[in-house]
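A quick write-up on the structure given underneath.
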């Protein structure tokens, strides 16, 4: 295993695993495996990138650090040369959140300074410019994330937000530098590291920016960001002759289908509303689950009764409903 990812939730782990497996167009990616939690056994020898899905996104910082360091130890035991700490591209985290503490703890364990921190994922409408995070054409704190039921984001300046969570100053690499290429990016990262800065917000508004950042971080022990930060990582290892560039196939499964939705994001809620206008849908009421009036058997029966009609079972709700 060459690259190890510590992801703070399952869906994010799936996303970055897919990014690592695909690599850049025409080049291929890593032979990638996603793990649910920290495995008890060693990874298979053919695995080139391993992604550990934790459930640490909204838990107390101390426990998130403990879990993440345990994941780090396992990944290093598998021979990983580079570690990626994957968090959400919306960076949702309170001032007492765990993104900064976990990233600093991983950096300390790896002896890293001047570490890339870039949640940008342009393909999903997340970009970073002048240290501010945008969701499409809106600042993060005006995008609906300010109403997040667990981690409301009230400031789009993620340099300022991250400083609330970290013990050292937070640096910045602006877009002008990014557009000058990997060498320029790496030089500024090293300058920040020499000034004892651990986490460095790096601007990115296009996939090419993320590829340049990945190339700048080719020799770095730790990289942090959203799924987009992994876009160019495989290319580094292909260039070094360490991997051939795998091209994942598509596994086709026969049988009836079902859709499960649990995200409370605005995009998911819109998708739920559109789908339920033409297909059977069942909302999971939390109170009904708690009092036993809705069971797993009820959900299974609903899905089986609607085979062939693309049934949807969902727990997605508005911020007020979740509260």
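Bear in mind that the values in this text are calculations on the coordinates, not laboratory data. None of the values given here were measured: they were computed from a predicted structure. Glycine gets a Cβ as well: all are built from the backbone with ideal geometry, and neighbour counts include every protein chain shown.
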Subject >> Among 202, 296, 135, residue whose mean-square fluctuation peaks in a GNM of the chain (springs only between Cα atoms under 10 Å) >> reply: 296
Original post:
Classify the range 204-323: rounded, prolate or oblate, from the alpha-carbon gyration tensor (a ≥ b ≥ c, eigenvalue square roots; a/c under 1.5 rounded; otherwise prolate if a/b is larger than b/c)?
Top reply: prolate
**OP:** Counting other beta carbons within 10 Å of each Cβ, put 177, 167, 19 in order, fewest first.
**Re:** 167, 177, 19
**OP:** Please give the calculated 222 nm ellipticity per residue for the chain, where each DSSP H segment of at least 4 residues contributes -39500 (n - 2.57) and the sum is spread over every residue; nearest 500 deg cm²/dmol?
**Re:** -10000 deg cm²/dmol
Subject >> Scaled radius of gyration (Cα, divided by 2.2 N^0.38 Å) that the range 184-273 gives >> reply: 1.55
**OP:** Rounded to the nearest Å, what's the spacing between the alpha carbon centres of the range 221-270 and the range 64-142? Just the number, please.
**Re:** 16
**OP:** Over the range 81-140, calculate the relative contact order: mean separation of alpha carbon pairs under 8 Å at least 6 apart, over the residue count, as a percent.
**Re:** 26
Subject >> Normalised alpha carbon radius of gyration of the range 259-322 [divisor 2.2 N^0.38 Å] >> reply: 1.11
**OP:** Counting other beta carbons within 10 Å of each Cβ, put 2, 164 in order, fewest first.
**Re:** 164, 2
**OP:** Report the relative contact order of the chain, percent, no decimals, based on alpha-carbon pairs under 8 angstrom and at least 6 residues apart.
**Re:** 19
Subject >> Convex hull per residue volume in Å³, alpha carbons only, for the range 1-121 >> reply: 104
**OP:** Just the Kirkwood number for the chain, please: inverse of mean 1/r across all distinct Cα pairs, in Å, one decimal.
**Re:** 20.7
